[in-house]
Amino acid sequence: MSLLNPISLLSVSNIGISFGGIHAVDGVTFETSAGQIFSIIGPNGAGKTTLFNLISGVYRAESGIVMLGGEDVSTLPPEALAARGLARTFQNLQIFFRMSALENVMVGAHVHEKRRALSHLFGLPSTARENRGTRDAAMALLERLHLAGVTNRSAGSLSYGQLKRLEIARALASRPKILLLDEPAAGCNPTETAEIDEIIVEVAKSGVAIVLVEHDMKLVMGVSDRVLVLTQGRMLIEGTPEEVTNAPEVIEAYLGTGLPTMEASHD
Amino acid sequence: MARLINNRWAELALVTGLIVLAGLLLPSNYYFRVGALVLISAIAAVGLNLLLGFAGQVSLGHAGFVGIGAYAVALLPTHWGVPTLASIFLGAAFSGVLALAIGRPILRLKGHFLAVATLGLGILVAMVLTNEARITGGPDGMPVPRLELLGTRIRAPEAWYWIAGGTLIISIVFAQNLLNSSTGRALRALHDSEVAARAAGINVARVKGIVFSISAVYASISGSLLALLNGHITPDTASFLNSIELVTMVVLGGMGSLVGSLVGAAVLVILPQALTVFHEYEHLLLGSFIIAIMIFLRDGIVPTLRKALLERKAPEDRV
Amino acid sequence: MLAQFLQFTMSGLTVGAVYAIVGLGFTIIYNASGVLNFAQGEFVMIGGMVTVFAVAAGVPLPLAILLAIAVAAIVGVALHRLAIEPAKDASPVVLIIITIGGALVIRGIAQIVFDKQLHKLPGFSGDTPVNFMGASILPQALWVLGGSALIVTLVTLFFAKTMIGKAVLATAANRLAAQLVGVNTSVILAISFALSATIGAIAGILVTPITFTNYEVGTMLALKGFAALVLGGLGSPAGAILGGMVLGLCESLSAGYLSSTYKDAFAFLVMIAVLLVMPSGLLGKPSAERV
């Protein structure tokens, strides 16, 4: 992967932001392309979630550029990025708790639905058709994420593991080109983690560029094409999983105890 | 899907049933008048519920739009000879556009801004209505020309009861349509998490603007009907206290429950009627009642009842 | 020209001081409990009305003032105990409605105990205007400005120097932590309501000789105080005071130079314009959402 790779879907160059004088993210550069799984790891407070918020437009970068499919999107708001094919999940669950599981996923398809409030109000046949299409697609996603049993349950009544998968289903409902997953397996048991693992690989195979923040090293090293290590907002190293695991600076940074201990330092 | 349809038709059947049953039982013109008032207030409450209960945005000046609708059917026919029916639509259109114009810049901001802006708007409308006495009649208000349909003047409270009932049912159907659409899902989503809604591609400011505008249209139509029922209108229609009454109807009946809006309207309209005997104590009793109900039924009447019924029916299903 | 401007400015500062005090009262309660108390204007009404009726019943003015403050403080505590505390976990909208219900109750009682007439008090130092650079200024306006400045100073000292004041601040910062270090947060919240009612009542007493009072002046005052609060920046005491002053000035200058009928409208328009440019208000801190 060269930096000039014309097929890179997402490229981040020299991006940075500071809060109250502290550089939360500083000079981070990477790029990723369709079908690739790109992971970002690092200890708590390394700036992983902040980096996600910068890429997805929640924060506006103070320096650097984010390119999506060759377009500079550094100053665009989240909804504009979603329209360009970027979807994300949240580390601290951002679920629509008053809606059913099905409706949560249906909201994910918003970018593909018509913005015709008046025909929605009058309940024209086109709206009913649109609803049916969105609903069917959402049902299929719920099934794929093993949530078919809770379709009509209120999201507020689901378990943590179910909500984690619900967020993934909602993000997938937008049929994204780039998917940012913020700790999708956090708080999940080994079986659930394996399921999520499988889904991530499957989605990547379908041509989606995936950017993953995750604490579960087994998952990260198993599925990733490239890994970026972040400490104190800066890049320590970026490379293949092997390169990263064997890099002396990584081993040194973690006092020779190796990466897997980071698992213990959950947020 | 089946559940969705079930809920929707159940809601509609319940409201229609209540309107028809009450319509058959009401004994006199006085009761029909009170009944019509309940239904007319419920139209505004349903609209406000879309904004407050479903989208979670507080408006403290919705009576301003009620006032616009009310004065539309008083001013336009009186001064410019516009037919009453057309005046209702013109008032509603004006309210909707005004709400969009105000909402667009304000709704970009977070927090209490909509509350403050609508507060200002409500006060402004009441002020204009009071001060432009030359055309509005000032604080004493003005008469409202009666609605003529097919050559007959409609003034019987009973007729207004059925007109208001029909309008309320249509209002609820439209609200249901909206809620079961992409726009409706968007407005409910932003209530729970704006950041996730935006990440899903929802233009939060736009959706808030739309629902604010729709709720303004509901309030305006309710105001027009109110003016036509009463045959006389004063700037009090647009007062802060009326805005608060509307908010109370929504919260009391249950935020996010369309049937609740009818129940809330019924309580808040009938209670002061019952209290007119204690005229001196009206403020005191109304205030105490609001406090008590908010403390003991804070989820609102309909959601509380629904929860109680569900738990009774299927205690093992509780989640 | 200058004299006229001075005149408008002076009357703007006078009403602005009252809005500032109401806004400050809002802030004290909001910071301590997260409640936006729309009954805030009623404390101002109680201050004015109780003093008027006590004086009319032959009570000497200083005693009447103390009585009015005491009544307001008791009403404030009662509002907290009977209406806010039983519903403390309710949503912000519900709490706002409860305080509006409280305002209705207070107004209803005032209507029964007192009457529906407009009342005024004689100025504390007479009602003869003083000439200042061509503008005629009521001595009572100086009482209002001086009194408000004193209130602000005392409130600031209360929070900075006294144990109770510090406990209120601690409760505002973190209720659970305050409880853990032994602060009785329920008492603290009651104190904030009493304090807020007290300063509201004092403002009401000071301003009654100028603006008159009746049982329903509270609504508009609460709205203006709330506007002052949002204009200045929610949660910032200095912001509420600044916001109140700006609001008062806008009102009086627009009444003087543009149209007195729509002075309230101008005040709200200015406020909305400011918010569009500075969404966190004049002195509020921008908040970053953590996701």
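The values are calculated or read from the model by the stated rules, or taken from the named source; none is laboratory data. None of the values given here were measured: they were computed from a predicted structure. Reconstructed Cβ throughout: ideal geometry from the backbone, glycine too, with neighbour counts over all protein chains shown. Side chains are part of the model used for accessible areas, which takes the heavy atoms of the whole protein and leaves out ligands, DNA and RNA. Shrake-Rupley method; radii C 1.70, N 1.55, O 1.52, S 1.80 Å.
Think of each Lys and Arg Cβ as +1 and each Asp and Glu Cβ as -1; about the Cα centre, that makes the dipole of segment A:1-101 roughly 340 debye.
This model, with +1 at the C-beta of Lys and Arg and -1 at the C-beta of Asp and Glu, gives the protein assembly as shown a dipole about its Cα centre of some 1560 debye. Specify which residue in the list A:Thr75, A:Ala101, A:Thr89 is farthest towards the positive end of the charge dipole of segment A:72-117, using unit charges on the beta carbon of Lys, Arg (+1) and Asp, Glu (-1), about the Cα centre. Looking along the dipole axis, the top candidate is A:Ala101.
Residues whose amide H falls under 5 Å from that of A:Val25, counting only those 5 or more places apart or on a different chain, are A:Ile17, with hydrogens built in the peptide plane. Counting only protein heavy atoms and a 1.4 Å probe, chain A has 42 square angstrom of accessible area per residue. Placing unit charges on the Cβ atoms of the charged side chains and taking the dipole of segment B:2-240 about its Cα centre, the candidate lying farthest along the positive direction among B:Ser181, B:Val195, B:Asn49 is B:Val195. Considering only C:Thr219, C:Thr153, C:Thr51, the mean-square fluctuation computed in a Gaussian network model of chain C, springs between alpha carbons under 10 angstrom, is largest for C:Thr153. Of the whole protein surface, B:Trp162 contributes about 90 Å² of accessible area at a 1.4 Å probe radius. Can you compute the label reach from C:Leu145? Point 7 Å from Cα along the Cβ direction, backbone N cut-off under 19 Å, restricted to segment C:214-247. Hits in segment C:214-247 for C:Leu145 at 19 Å: C:241-247. Helical content of chain B, expressed as a calculated mean residue ellipticity at 222 nm, amounts to -25000 deg cm²/dmol (DSSP H runs of 4 or more residues, -39,500 (n - 2.57) each, divided by residue number, nearest 500). The phi torsions of segment B:197-203, fed into the Karplus equation with coefficients 6.51, -1.76 and 1.60 and a -60° offset, translate into couplings of 4, 5, 5, 7, x, 7, 7 Hz, rounded to whole numbers, with Gly and Pro shown as x. Backbone geometry of segment B:268-283 corresponds, through the Karplus equation with coefficients 6.51, -1.76 and 1.60 at θ = phi - 60°, to 3J(HN,Hα) couplings of 6, 8, 6, 3, x, 4, 5, 8, 4, 4, 9, 2, 4, 9, 4, 4 Hz, x marking Gly and Pro. Taking every DSSP beta bridge that has both ends in the protein assembly as shown, the antiparallel portion is near 65%. Between A:Ala247 and C:Ser186, the simple label model (points 7 Å from Cα in the Cβ direction) yields a spacing of 5.8 nm. Helical runs assigned H by DSSP (4 residues or longer) give chain C a calculated mean residue ellipticity at 222 nm of -24500 deg cm²/dmol, each run adding -39500 (n - 2.57) before division by the residue total. Solvent-accessible surface of protein heavy atoms, probed at 1.4 angstrom with all chains present, puts A:Asp225, C:Asp115 in the order A:Asp225, C:Asp115, largest first.
How large is the charge dipole for chain B, taken about the Cα centre, if only the Cβ atoms of Lys, Arg (+1) and Asp, Glu (-1) carry charge, to the nearest 20 debye? Write out the running numbers ahead of the final one.
On the way: 21 positive and 15 negative charges, 177 e Å.
Charge dipole, chain B, about its Cα centre: 860 debye, nearest 20.
Taking amide H positions as placed 1.01 Å from N in the peptide plane, with prolines and chain starts having none, which residues 5 or more places from A:Tyr59, or on another chain, fall under 5 Å of its amide H? Counting only residues 5 or more places away or on other chains, the set is A:Leu54. Of all the options C:Val22, C:Val181, C:Val44, the one that moves most in a Gaussian network model of chain C with Cα springs shorter than 10 angstrom is C:Val181. For segment A:108-260, the fraction of 1.4 Å probe accessible surface lying on carbon and sulfur atoms is 54 percent. Out of C:Gly243, C:Gly146, C:Gly281, any idea which swings most in a Gaussian network model of chain C, alpha carbons joined below 10 Å? Result: C:Gly146 has the largest fluctuation of those listed.
Restricting to segment A:121-247, compute how many DSSP beta bridges are antiparallel as a %, nearest 5.
Roughly 50 percent of the DSSP beta bridges within segment A:121-247 come out antiparallel.
Could you pull out the pairs from A:Lys164/B:Lys307; A:Lys177/B:Lys208; C:Lys116/C:Lys161; B:Lys307/C:Lys224 whose alpha carbons sit more than 30 Å apart here? Distance filter (> 30 Å) returns C:Lys116/C:Lys161; B:Lys307/C:Lys224. What FRET efficiency would be calculated for the residue pair B:Thr16, B:Leu241, taking the C-beta separation as r and a Förster radius of 35 Å, to the nearest 0.05? That gives a FRET efficiency of 0.65. Simple rule: put +1 on each Lys or Arg Cβ and -1 on each Asp or Glu Cβ in the protein assembly as shown, find the dipole, and look at B:Gly91, B:Leu21, B:Ile301; the Cα lying farthest toward the positive end is B:Leu21. In segment B:188-225, burial by the other protein chains removes 50 Å² or more of accessible area from B:Arg188, B:Asp192, B:Val195, B:Ala196, B:Arg198, B:Ala199, B:Ala200, B:Gly201, B:Arg206, compared with the chain on its own (1.4 Å probe, ligands and nucleic acids ignored). Among the helices of chain C, those built from whole DSSP H runs whose Cα atoms reach 18 Å or more along their own axis and whose mean Kyte-Doolittle hydropathy is at least 0.0 are C:2-33, C:40-56, C:61-79, C:92-113, C:139-161, C:185-211, C:218-232, C:237-257, C:263-277. The 3J(HN,Hα) values that the Karplus relation (6.51, -1.76, 1.60; θ = phi - 60°) gives for segment B:83-99 are, in residue order, x, 4, 4, 4, 5, 4, 5, 4, x, 5, 5, 4, 4, x, 5, 4, 4 Hz. Gly and Pro appear as x.
Remark on A:Thr231: its backbone amide H falls under 5 Å from those of A:Leu236, a criterion applied only to residues 5 or more positions apart or on other chains, H modelled at 1.01 Å from N.
Of B:His62, A:His112, which has the most accessible area with a 1.4 Å probe, and how do the rest follow in descending order?
A:His112, B:His62
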